[in-house]
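The values are calculated or read from the model by the stated rules, or taken from the named source; none is laboratory data. Since the model is a prediction, treat every value here as computed from it, not as a measurement. Note that each Cβ is placed from the backbone with ideal geometry, even for glycine, and that neighbours are counted across all protein chains shown.
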Amino acid sequence: MDIQHAILGILSWQPLSGYDLKKIISESDLFYWSGNNNQIYYSLVELHKAELITQEIQHQESLPTKKKYTITEKGRAELRKWTLANPDLPELRNNFLIQLAWADQLSQPEMDDLLGRYEDEIEIQLRMRQARQQAGYQNNASDGTARAKFFWKKIFENILAAYQHELDWIREVRRELRDVNFPDEI
């Protein structure tokens, strides 16, 4: 994910502090930023230098000074340009698949445990996201246009479908593994 464009997109909804941006990014299924907070703040400095955002310093009584960031027209133009760029293909990297590539070294009970833990984790993640959807959580899209709401609904459906597909897949792997008798089993 390009953190700078994600920040511009989030700021297109409303002005926010760096802390608020960090919170939205860390709680989101869509903004999967794995970097540290310093990178978010560094990006804010870079965006400000490029005049893509403005900052307003807000002095608070008995609290630290707060900076609130707002996207500029130049920032909106950059966000639009990026939105029109050729889309990246989905990243199909899954560390569990790499783990599974050498799982033949495991005994049957170890393998069953590994697959079971993965299935449980995927199911938990799916249920959490389904609960969020039922609660109406769709990031900050609830204040957007009807078209924005439509896209956020479709984004959530895509995320849920990916988790559901992974859950169905791991269950099928476990079923097939139970039904096959491998002669060179550990």
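Table for the structure above
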item: Any chance W82 is in contact with a His (Cβ under 7 Å, 6 or more places away or on another chain), aromatic (F, W, Y) and surrounded by 11 or more Cβ atoms within 10 Å (Cβ to Cβ); result: yes
item: Where a residue in the range 150-171 is assigned by TED's automatic domain parsing to the domain that holds R127 and its partner, wherever it lies, is modelled with pLDDT of 95 or more and surrounded by fewer than 17 Cβ atoms within 10 Å (Cβ to Cβ), with Cβ under 6 Å and at least six apart; result: L167/E123
item: Residue in the range 4-21 that is of a type in the set (G, A, S), not in a helix (DSSP H, G or I) and not assigned by TED's automatic domain parsing to the domain that holds I170 present; result: yes
item: Residues of the range 61-73 that turn out to be in contact (Cβ under 8 Å) with a residue 24 or more places away in the chain and either within 13 Å of I7 (Cα to Cα) or in contact with an Asp or Glu (Cβ under 6 Å, 6 or more places away or on another chain) (or both), as a count; result: 4
item: T54 among the hydroxyl-bearing types (S, T, Y), touching an Asp or Glu at 6+ places or on another chain (Cβ under 8 Å), farther than 26 Å from L92 by Cβ and touching a residue at least 12 places away in the same chain (Cβ under 8 Å); result: no
item: I122 vs. criteria without any contact (Cβ under 8 Å) to a residue 12 or more places away in the chain and of a type in the set (V, I, T); result: no
item: Residues (surrounded by fewer than 15 Cβ atoms within 10 Å (Cβ to Cβ) and either on the phi > 0 side of the Ramachandran plot or touching a helix residue (DSSP H, G or I) at 6+ places or on another chain (Cβ under 7 Å) (or both)) located in the range 144-172; result: K149, R171
